[in-house]
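Visitor: Provided herewith is a single structure, encoded as structure tokens, for subsequent inquiry.
The values are calculated or read from the model by the stated rules, or taken from the named source; none is laboratory data. All of these numbers come straight from a predicted model, not from anything done at the bench. No Cβ is skipped: glycine too gets one built from the backbone with ideal geometry, and neighbour counts run over all protein chains shown. Accessible surface areas use protein heavy atoms only, side chains included; no ligands, DNA or RNA. Shrake-Rupley method; radii C 1.70, N 1.55, O 1.52, S 1.80 Å.
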Amino acid sequence: MSALVIWIMGAGLLLYNIALRTQILQLKARLREQTGTQAYLAYLRQHAAKGDIAAIKALRKKYPELSLIEANKLWQQIQ
């Protein structure tokens, strides 16, 4: 009987985890749509004099939702 309760609780927690993960992904997508690439590029242009690595680090610090690959692609656009 207790094993059944444990299985049900585990399944419930798994479904809850999946729902939260889906919600987080949707929020990240909405954030990217609202922020837009132009804001990223404007911020990068301000920090372009610092050099490659410093500018990419500054961009990722200000916009943590960006991956390293995306930040690098944006850096390549302004060079």
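Visitor: What pairs come up if the first residue lies in segment 59-76 and is open to solvent by 30 Å² or more (accessible area, probe 1.4 Å), the second is part of a loop (DSSP other than H, G, I, E, B), and their beta carbons are under 7 Å apart, counting only those six or more places apart or on different chains?
Guide: What qualifies is R60/L66.
Visitor: Hey, another quick one. Answer with yes or no whether Q26 is part of a helix (DSSP H, G or I), at pLDDT 75 or above, in contact with a Ser or Thr (Cβ under 9 Å, 6 or more places away or on another chain) and of a type in the set (S, T, N, Q).
Guide: So Q26 does not fit the description; no.
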